[in-house]
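A quick write-up on the structure given underneath.
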Amino acid sequence: MKATCPECGCQGHVVTFFVEEDGKRLAMTMAGMPSPELGKAVLGYLGLFKPPKTALRLQRAAKIAQEVADLVAKGDVCRDERSGIRRPARPAQWAAGIEQMLAQRASLSLPLESHGYLRTVVFGLADKMDAAAERQRESDARSGRHLERSAGGTASVDVSPNKETPLQSAMAWISQMMEFGQFTAEEAEEERRKAREKHGDK
């Protein structure tokens, strides 16, 4: 009995996907993805490398999936290695970047030959996340926190009549990240749990 991947078009006897080395390698790589959302996105991403008139070879699919896994494992993204500029990148951002590419499939030049465009998209998402964090810092500053110098040195004084607690700030930031698509619902809930542990659920 033959099987065909609905995303990338890989074909072969169903046993091939579990017994042959390339099939096992692809299965292990997908199983090792940091989140189900990323794994699902990568399966769709494989289809962007499919030749126009033939199926994507299983060996090639396994190689592409491993390359994406390696990029994600670095924890950051570089749009252009020559510039050396990097941004922190979470698995959710890689998944969002791939989903964005899949949504724009019709405008892409296919089949893809490398991960250059994916890196560009994820770098842009990472930049947005940095910008959101910067806006949060500016919001904190506008809320009335400033440094006041005194004879004894420099001390932090909060002159805001309605001080936002650290927990409230953290929760607001997490909500912002969800709006930007940087956190899945599960990741956001995990971040909220960490924030409550750090700042106290008060």
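Read-outs throughout are calculated quantities, based only on the coordinates presented, and are distinct from any laboratory measurement. Values in this document were obtained by computation on a predicted structure and should not be read as measured data. Backbone-built Cβ (ideal geometry, glycine too); neighbour counts: all protein chains shown.
Observations
- Distant-in-sequence amide H partners of residue 77 (H built 1.01 Å from N, under 5 Å): 87, 89
- Note, ³J(HN,Hα) from phi for segment 30-35, Karplus 6.51, -1.76, 1.60, rounded to Hz, x at Gly and Pro: 5, 5, x, 4, x, 8
- Across the cross-link table entries 74/128; 40/74; 50/74, which are compared at the Cα atoms, the separations over 22 Å belong to 50/74.
- Sequence ranges 115-124, 93-102, ranked by mean other-Cβ count within 10 angstrom, highest first: 93-102, 115-124
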